[in-house]
Every structure is written in structure tokens, then in C-alpha cells.
Amino acid sequence: MNESVTRKRRAALFMTVLVRCVNGGRGALLCGLLLAAPAFAQAPPQLRTHSIAEIIAAMTAEEKVGLVVGTGMPIEGLPLPPEMQGPGTGDVSARVLGASGMSMAIPRLGIPSVVFADGPAGVRIAPRRPNDARTYHATAFPSATLLASSWDTALIERVGAAMGEEAREYGIDVLLAPAMNLHRNPLGGRNFEYYSEDPLLSGRLAAAAVRGIQSQGVGATPKHFVANDHEWNRYTLDVQVSAPALHELYLRPFEIVVREAQPWALMSSYNKLNGRFTSESPALLTDLLQRQWGFRGLVMTDWYAGTNPLAQMQAGNHLLMPGTGVQHAALSKALRERRLDVATLDRNVAAILELVRRTPVFRGHVPSNTPDLAGHAALAREAAAAGAVLLENREALPLADTARVALFGNAAYDTVIGGSGSGDVYRAYSISIAQGLQAAGVALNATLTEGYARFIADERARQPPRQALAPRKPIAERSADLPEISTVAAEADVAIVVIGRDAGEFADRRLTDDFLLRPVERTLLESVTREFRARGKKTIVILNIGAVIETASWRALPDAILLCGLPGQEAGYAIADVLTGKVAPSGRLSTTFPVRWEDVPSSANFPGKTLLGPDPAARGLLASVDRAAEVSYDDGLWVGYRHFATRNAPVVYPFGHGLSYTTFRYSDLVVSAPQADGSVAVQLKLTNTGKTAAREVVQLYLTTPNAARPRLELRGFTKTGVIAAGEAVTVRFALQARDFATFDESTLTWRVEPGQYTVQVGASAADLRQRASVRHRGGR
């Protein structure tokens, strides 16, 4: 029934009863008022049945402020200082224990709370709940860098769908993923959680992840917008970057994910950008993100980001997370004093209500708490194998069926499956490399297996309990003396040495004992390769690492090097699949391995400089030690392969590199003339010239007419299906006008320079096998 008609009928009923009551005396009057009460006490509007404008009109000022400030984030075992404690408007633990945060519920208006949870490698929630015998484990998928090494958007979309299904069935409404900042420097502390040094690869893969997550009716949250490429002083760091570098490198992945996937939400970053906190920047969050790119979702802060809640509200940061009492009080005061405009507050409330309407909790979904963990484990295994990169292979892999293996290295038995912080996942189990090889039927040397098991158990027992969100403390590498290595070399057919690195949030990496090999690792590698080579036997190195390490000084020692990254809970099974030849390696590097760290342009001033001394009041993992810091991105556009390819600087392993158990021939490249809309069609023939069925990653790079720009820029890629030995397939690309465009600093617009462009296609940035030219007329 029409609402206005209903109101008129209620009013007519009231007048009729009132007349009768007056004529009937005092008792009748009381009776009439009781009968007419429904005309006065209309039920408040409900979000399910009323417009958002009507809901906002019915909200009190206190309800509006409560909605734009999260309810806080209790962290087990980590007491929070008063300024970080929640506003007392709700407790996320009541919905999903271990979730990252929650918005406030307003039951009288039919507004439920929305639950947010990490993260990039899988759903991070508490595995156990009080007075509940059940477990709530989630699948630990490979880290983003390893997923990126697959270059497989379809695979990553499937992984995203699996994460989304687990989130939905565990009662999560919005997943705080994917993370998609750039690998600007090899020492970036969260590089393992990010995809690549290249913006196109990062953006396309993130878009695939978002599509997958949201296909399950759960929101995705790309993060951290923007230039959050360091962990050092991340809460205060002022990133100074030029307009071309900002738009072409650091903003570009986010633009791609917004335009191609329309995420429900997006997270602004901790850092400042050219003098202003990103979470307080209207130019970034309103003008660029929403007006120019057409983003229609919700913008939230990173946890405890920024210093000015009012400025965040005004900038278009709709939701402050996880929410503190200090923020709530500040906004309430600003509203009373009319410094916070009601229209601005209402705009932000509307964005939150739009999100609420899309969530599983609003749709009435009842979590089953039984996601398909077995199916997702199989997918995690597939993804880890697809991302493994064969860096070197001198007839050492695949392993012979009867090979007896001597397995060295702590990480072979205590494999690092993922990073700490928001990228951690409480999985039911994890499979070490040793366990995976044994399950595949590979015979391992018992002396080493038993020795490492005892050593690792003893060392772990000596460590203190791990603090919430803190990185796992590494244990010293077990040393193997020469007599032991010599004895084992006589018994085994092949040696495998595993080099492992833990990864985590809150700090950047170090050169010593991290980027560089530790002395005990170098001694072990040299001794093992020498003893095995003396007997005509081969050595294989497995890199169980989340980010780039130095390899130039020792890469010639082993006969094969396999990069397995941080492979997730099915690590051992996936690695065994590749080592035994069950899966042909098809991973390709998503970031460059330089000869030296100093060869990377950003090393000149990484991580930056402090402007003030340490804050004596800072404490805990979530506190900023330095009160102010800045870094200038003087490397400009010269990040990763853009620098090395243009300046002919040597690298160990170039961007896009990866070997296979077969070979491919590229031929017959054809490039069309530009169409009326500026697009160009490209196709070539790809032939498997080896003896093993395998997949290939075909990469397309573009060179502009402007010699002052990077010589190579990735403009397309495709991961083929499995190509049989001797089979040929046609690979096609479609270059759009935007793929030819560069950002003009003088006009702050995108433009296509007229002139001749070179299209090059190949297997890496240093292995380009076909080229053609196309002339473009230019334009904006």
C-alpha cells in the first residue's frame, strides 16, 4: 500500500475515534487514545524495505557517528593503549572470533553489523571458540607473489572464489584482500603479500582475485591505496613521488582493479603522499577514485591510520577502521560544533549502507561453518605448483623415479608456508617439503631426516610463545659437518638444499642474513655441492622465500634452482609435483632478481630518512616509533625491469623469466594497423618444440617513440593451456588506445604520442623473440 495513503487512513481513523471519545466522556477518551496509538507510534523505517535516504533521515546524530567509526579490534594477548581502544559500540568477537573488525549495528532500523577479516593468503579468523569443540580453520593459499608467478588470471580468480566461499561460510562479509602495492625495492617488508614490480600484472591479477571473491557474495577490499611500498615508519612516512610515476606505476594497478572488477570496498593506506595522508586526501579519494575512475564502493582506512578523523570524513574516507573511542568523540564534537557538515556525514553513511545491503548478513545468509576445505586444499596445491619458477636446470630435474635424496636445510622440514601479520592464516595443517617428497614416494636419507627433526624440535621448544600478529622467530640453521655430508653423499643419488626465509608485516627486510645468504647457509651449500659433484652427483636448491634474495654469487654451484616462494599449506605436495615431473614448471618471475641490491635505483635512499627522533610514548606492534619520516621516489619510472632493460644493466634473473621441461618456438608475429578507436590487434604462433606437454607465459612489451622513457613496458600477457609436444597454437592480444598512452606532467592528462611503436613478444623481458612496428597517430 502507498505510504501516503496509509498515513491518510490512519489520520482519518484518529479523527473518528477522537470525536467518539469526546462525545462519550473521559473513559471513552482514554479508550480512544489507546485505539489510536498506532497512528502516532509508526514503526521506524527498515533498511530492507525503505530507501537509504529514508533510513538516514530516521537516524540520530549519534547513530550516524557510530556507523562511520568501526567498533574496535580486540587482539588476544596484545593489550591496547587507551587511544586505540574501541568506542564501545559493538564487539566483533560476538560475531566471528578473530575477525579484524566490524561496523556498528542499528537494530531498530534493520541495520546489521558488517564483519571484516584478513586477508591476502586466506581467511584469518580464530581457529577455536570458547565452549565450542568445533574448529574454524581456513585454507592457507600461496602468497600473492607466488600466485603472481603463475601469471594465470583464471587460476587466481578460482583462488579468490575459494577465499570468498570460506569467508561467507564463516560469517565474514568483507575480505580485506587483495594487497597490491608494488615491489619497488627487494627489501620491502610486505613484498611477499604483493604481486609484482609491474603495475599491469598487479592490476590484472588483483582484478581476477576481486572477481573471484565477489562471485561468492562477499566483498573484496584492494589495499593499500596508495604507495604503501615500505613498512619502515609506515604510519608517518611521507612518500614524495612525481605525477608520471604516481599515475603510471603506483596508481595504475588500482585503476585497473576498479575499472575491471568494481570492488565493493577499497582501503586507503597509512602513509602520506606528497605531504598529505592518503586517508585525508580529497584529491585522491574523491576526485580521482570516485569521480574520474567511477569507483562506486566504500572507502575505509587502514587500521588506526591517519591523525584527523574530520579530515578523513571530508576526504571521502567513509569508514574509520577498526574504530576508536577517540575518533568517535572527535567526530561527535565536530558535528556539534558544525565543523563536520551533515551532508558530508550523510554521504559517508550512505556509502556504508550501500555496502551493508550487499552483504551475506543482510541477505539473511546463515553461515554453515563448513566450507569446502578439502577442495580448496587441492586448489592451493595446484596454485603453488603453477607459481613455482624453475630458475636454473642443468639436467637435474625432473628427478629420476628411483632417486635417493639427501635433503638439507631447516626449511625442508620446517617449511615456511606464508607470512605473518594480516597475511597469516590459521590452517588445520601444513605439509613440509620432506613430507611432500615422502608422500610422492621419494626415498629420503634417514640420517638427515632424523637429525633435522630433533634439532628443529629442540630449537622451537626453547622459543617463547609467539605474540599475536608478530612474525615467527627464525631458528639458527642446523650446520652439517663435512664427515656427515661426505657419508650422505656416498649413500644418496642427489642432494636438495632448501634455503628458507620468514616474512612478515611491521618491518622491512635486512641485507645481512636476509637478502644475503647467512654464512652457515653458504658453507652448507658449498660443502654439499662439492661433495656431491666429486661423486658425479647433482645438487638442487629450493628457494622457500617470500621475496628476492642475492643469487649471483652462488647460482653456479647447484645444478638446478627452483623458486617455490611461500607456497601455502600444501607446500610439500606442490613442490614434489614439480620436482618429480608430475607438473611441468610454468611459473615466471613477477619481479627482477638483481645482481646486487645496490643495482636497484631505489636503494640510493631506501627506506628514507627520519625527520624527528623516536617517539618516547610509542609502544607495541601497532605503534609508530618515529614521529615523522619521508622518502623521495627519485627512481621515478625506473622500477624493476624498466630500469634494467633500458640501461642494459645486468641482472641474474630477469622479469618474466622461468624455465620449463620443454621448449617453445615463437613465430609469425602479425600486428594490425591501428583501428579508428586506436586499438591494435596482435597475434603470433607458439609451438611446443620439446617432448613434454607444458604451459607457456607469453609476454608482450611495448616501446614508445620517446627515447627518454623506459625501453620496455609490459602491455599484455597470457598463460596458455597445456600444449602437447609438437602442437602449435595461436596467441592473440588486443592493445587498446590506453596501452599506448603515457601521463603528461605538464597537462596532468594521459596522451598518446604520435610516431612509431615497437611491439615485442617473448618469454621474459630479456628473451624477446618476435618484434614488429606500428605507427600511431597519437591523441588524448
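The values are calculated or read from the model by the stated rules, or taken from the named source; none is laboratory data. Everything numeric in this text was worked out from a predicted model, so none of it was measured. Backbone-built Cβ (ideal geometry, glycine too); neighbour counts: all protein chains shown. What goes into the accessible areas is simple: the full protein's heavy atoms, side chains included, and nothing from ligands, DNA or RNA. Shrake-Rupley method; radii C 1.70, N 1.55, O 1.52, S 1.80 Å.
Listed here are the residues, each with its yes/no results for (1) at pLDDT 95 or above; (2) touching a helix residue (DSSP H, G or I) at 6+ places or on another chain (Cβ under 8 Å); (3) closer than 29 Å to GLY421 by Cα; (4) charged (D, E, K, R).
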{"residue": "ALA283", "(1), (2), (3), (4)": "yes, no, no, no"}
{"residue": "TRP293", "(1), (2), (3), (4)": "yes, yes, no, no"}
{"residue": "LEU319", "(1), (2), (3), (4)": "yes, yes, yes, no"}
{"residue": "HIS328", "(1), (2), (3), (4)": "yes, yes, yes, no"}
{"residue": "SER332", "(1), (2), (3), (4)": "yes, yes, no, no"}
{"residue": "THR344", "(1), (2), (3), (4)": "yes, yes, no, no"}
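What number of residues within segment 459-483 are within 17 Å of GLY409 (Cβ to Cβ), open to solvent by 80 Å² or more (accessible area, probe 1.4 Å) and within 36 Å of the chain's Cα centre (by Cα)?
Looking only at segment 459-483, we keep the residues that are within 17 Å of GLY409 (Cβ to Cβ), and these are 459-460, 472, 474-482.
Within this subset, residues satisfying the condition of being open to solvent by 80 Å² or more (accessible area, probe 1.4 Å) are 479, 481-482.
Next cut, within 36 Å of the chain's Cα centre (by Cα) only: 479.
Summing the residues that are within 17 Å of GLY409 (Cβ to Cβ), open to solvent by 80 Å² or more (accessible area, probe 1.4 Å) and within 36 Å of the chain's Cα centre (by Cα) in segment 459-483 gives 1.
Consider segment 589-620 and keep the residues that are β-branched (Val, Ile, Thr) and open to solvent by 30 Å² or more (accessible area, probe 1.4 Å). The one that is modelled with the highest pLDDT is VAL595.
Of GLY726, GLY716, GLY690, GLY721, which residue is crowded, with 19+ Cβ neighbours inside 10 Å, farther than 21 Å from SER242 by Cβ and among the small types (Gly, Ala, Ser)?
Values: GLY726 fails: crowded, with 19+ Cβ neighbours inside 10 Å; GLY690 fails: crowded, with 19+ Cβ neighbours inside 10 Å; GLY721 fails: crowded, with 19+ Cβ neighbours inside 10 Å.
Within the list GLY726, GLY716, GLY690, GLY721, the selection yields GLY716.
Does segment 685-705 include one or more residues that are in a loop (DSSP other than H, G, I, E, B) and closer than 15 Å to VAL752 by Cβ? Yes: one or more hits. Going through segment 67-94 one residue at a time, which ones are more than 24 Å from ILE55 (Cα to Cα) and touching a strand residue (DSSP E or B) at 6+ places or on another chain (Cβ under 6 Å)? Of everything in segment 67-94, just one residue is more than 24 Å from ILE55 (Cα to Cα) and touching a strand residue (DSSP E or B) at 6+ places or on another chain (Cβ under 6 Å), namely MET73. Determine whether GLU484 is in contact (Cβ under 8 Å) with a residue 12 or more places away in the chain, farther than 18 Å from ILE417 by Cβ and outside any loop (DSSP other than H, G, I, E, B). Considered against the rule, which asks whether it is in contact (Cβ under 8 Å) with a residue 12 or more places away in the chain, farther than 18 Å from ILE417 by Cβ and outside any loop (DSSP other than H, G, I, E, B), GLU484 comes out as yes. Residues in segment 383-428 that are open to solvent by 20 Å² or more (accessible area, probe 1.4 Å) and out of contact with any strand residue (DSSP E or B) (no Cβ under 7 Å at 6 or more places or on another chain): GLU395, PRO398, ALA400, ASP401, THR402, TYR413, ASP414, GLY418, ASP424, TYR426, ARG427, ALA428. Take the conditions (1) at pLDDT 95 or above; (2) open to solvent by 20 Å² or more (accessible area, probe 1.4 Å); (3) within 30 Å of HIS247 (Cα to Cα); (4) of a type in the set (Asp, Glu); ASP635 misses just one of them, which is (2). Residues THR742, THR747: which one is open to solvent by 40 Å² or more (accessible area, probe 1.4 Å) and either in a strand (DSSP E or B) or among the β-branched types (Val, Ile, Thr) (or both)? Of the residues listed, the single one that is open to solvent by 40 Å² or more (accessible area, probe 1.4 Å) and either in a strand (DSSP E or B) or among the β-branched types (Val, Ile, Thr) (or both) is THR747. Within segment 336-362, residues that are among the charged types (D, E, K, R) sit with their Cβ atoms under 7 Å from residues that are modelled with pLDDT of 95 or more and open to solvent by less than 10 Å² (accessible area, probe 1.4 Å), at 6+ positions apart or across chains, in these pairs: ARG357/LEU47; ARG358/GLY219. Of all residues in segment 506-548, those that are closer than 29 Å to GLY423 by Cβ, of a type in the set (Val, Ile, Thr) and in contact (Cβ under 8 Å) with a residue 12 or more places away in the chain total 6. Within segment 549-567, the set of residues being open to solvent by 10 Å² or more (accessible area, probe 1.4 Å), of a type in the set (A, V, I, L, M) and touching a residue at least 12 places away in the same chain (Cβ under 8 Å) comprises ALA552, LEU557, LEU563. Applying the criterion of at least 1 residues that are open to solvent by 10 Å² or more (accessible area, probe 1.4 Å) and acidic (Asp, Glu) to the helices (runs of 4 or more DSSP H) found wholly in segment 241-341 leaves 252-261. Contact map, segment 638-661: first residue farther than 14 Å from GLN699 by Cβ, second residue assigned to a helix (DSSP H, G or I), Cβ cut-off under 7 Å, separation 6 or more or different chains; pairs are TRP638/PRO601; VAL639/LEU249; HIS643/PRO601; ALA649/ASP599; ALA649/HIS643; VAL651/PHE644.
This table checks each residue for (1) assigned to a helix (DSSP H, G or I); (2) closer than 24 Å to LEU187 by Cα.
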| site | (1), (2) |
| --- | --- |
| PRO464 | no, no |
| ILE499 | no, yes |
| GLU505 | no, yes |
| LEU525 | yes, yes |
| GLY568 | no, yes |
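When GLN760, GLN756, GLN770, GLN736 are checked against the criterion of being open to solvent by 60 Å² or more (accessible area, probe 1.4 Å), touching a residue at least 40 places away in the same chain (Cβ under 8 Å) and either aliphatic (A, V, I, L, M) or within 23 Å of THR153 (Cβ to Cβ) (or both), a single residue qualifies: GLN736. Of all the listed residues (ALA406, ALA380, ALA396), the sole one being assigned to a helix (DSSP H, G or I) and farther than 22 Å from ALA461 by Cα is ALA380. All of ARG204, ARG184 fail the test of being over 18 Å from ILE417 (Cβ atoms) and open to solvent by 10 Å² or more (accessible area, probe 1.4 Å), apart from ARG204.
Scanning segment 51-77 for residues that are hydroxyl-bearing (Ser, Thr, Tyr) and over 25 Å from the mean Cα position of the chain (by Cα) returns SER51, THR60. Here GLU491 passes the criteria (1) at pLDDT 95 or above; (2) touching a Leu at 6+ places or on another chain (Cβ under 7 Å) except the one numbered (2). Among the residues of segment 85-108, those identified as touching a residue at least 12 places away in the same chain (Cβ under 8 Å), surrounded by fewer than 20 Cβ atoms within 10 Å (Cβ to Cβ) and part of a helix (DSSP H, G or I) are SER93, ARG108.
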